[in-house]
Amino acid sequence: MAKAMKMPDFVTNLYVKDVRKSLDFYTRTMGFRKGELWTGEDGKTPVFVELRIGTQSFGIVSSKVIPDDVSYLREHKKRPVGRGVVLGVATRDVDRVYASLKGKKGVTILSKPEDTPWGFRVMDVRDANGYTWSYTERR
């Protein structure tokens, strides 16, 4: 039996329409590493996958597994998702991240790298699932 994922003190899960496509996007395009993967009742269709960057992780969860009677989660089945939330990633080189994401399918550059008055270099992108990611480098 595989070693179970250690449950962190704070958990972030992003609801997505298609876990398989999202896994491919987040690993190939955005550079995250695949962690633990759970499948649905058929044993084949992924319904959850842990994605890692450095020592941190987050989960992507299929919106198809949300029960219809859980009213506060029903909104995640609608589009667009991800509005009002910004996911932050610390990096050593924002310009390198920008160069690696610029022009990639499914990535919309919201702001090019820029220096802030408080000592950071930042850039923001929107991913294929509608989530906003802010990459930050301390100067």
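The values are calculated or read from the model by the stated rules, or taken from the named source; none is laboratory data. Everything quoted here is computed from the prediction, not taken from an experiment. Positions of Cβ are backbone-derived with ideal geometry, glycine not excepted, and every protein chain shown enters the neighbour counts.
A few points about this structure:
- Which numbered condition S63 misses (of (1) polar (S, T, N, Q); (2) modelled with pLDDT of 85 or more; (3) in contact with a strand residue (DSSP E or B) (Cβ under 9 Å, 6 or more places away or on another chain)): (2)
- Among the residues making up the stretch 1-43, a single one is among the small types (G, A, S), loosely packed, with under 12 Cβ neighbours inside 10 Å and at pLDDT 90 or above: G43.
- When V70, V81 are checked against the criterion of being at pLDDT below 70 and under 13 Å from the mean Cα position of the chain (by Cα), a single residue qualifies: V81.
- When residues of the stretch 87-125 are limited to those that are within 24 Å of R20 (Cβ to Cβ) and touching a residue at least 40 places away in the same chain (Cβ under 8 Å), the one nearest to the chain's Cα centre (by Cα): L87
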